[in-house]
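Only one structure is covered here, and it is reproduced in the block below.
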Amino acid sequence: MENTELKVRSEYEGKMEAKLKDLGAKIDALMAKGESAKDQLSVKLEELKRKQAELRKKLAEAKDSSKEAWNELKPGFDKAWEDLVSAVEELKQASQRAAGKLHK
């Protein structure tokens, strides 16, 4: 090989190494963001599970209550149910939006 060809080859290899290093840093940053998002999602899912358990407990209490107490508990139960369903749907949509951004 000529000296010029070796120089061109060496420069190309050096540039590609630098590009690969830069790309690796970007991938690492995305992984860190993904881990953070995963942690945040886990916290929110645990909160939803806790609220579901609370609602299940309230339903069990309502089943054992008098008619008067049941009539007082029902509106609160309905509101808690609507809030929980809404929170689940919001989290689902947020997850879908986040996943959609990754596929672009």
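Some observations on this one:
- Conditions (1) surrounded by 11 or more Cβ atoms within 10 Å (Cβ to Cβ); (2) in a helix (DSSP H, G or I); (3) of a type outside the set (Phe, Trp, Tyr); number of the one not met by GLU68: (1)
- Residue in region 50-57 that is in contact with a helix residue (DSSP H, G or I) (Cβ under 9 Å, 6 or more places away or on another chain) and at pLDDT below 90 present: no
For every residue, the table says whether it meets (1) over 13 Å from the mean Cα position of the chain (by Cα); (2) of a type in the set (D, E, K, R); (3) surrounded by 10 or more Cβ atoms within 10 Å (Cβ to Cβ).
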position	(1), (2), (3)
MET16	yes, no, yes
GLN40	no, no, yes
LYS51	yes, yes, yes
LYS79	yes, yes, yes
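- Test: SER10 is modelled with pLDDT under 90, among the small types (Gly, Ala, Ser) and over 12 Å from the mean Cα position of the chain (by Cα): no
- Test for TRP81: is it free of Cβ contacts under 8 Å to residues at least 12 places away in the same chain and in contact with a helix residue (DSSP H, G or I) (Cβ under 8 Å, 6 or more places away or on another chain): no
The values are calculated or read from the model by the stated rules, or taken from the named source; none is laboratory data. In this text, all values refer to a predicted model and were calculated from it rather than measured experimentally. Cβ coordinates were reconstructed from backbone atoms using ideal geometry, including for glycine residues, and neighbour counts include every protein chain displayed.
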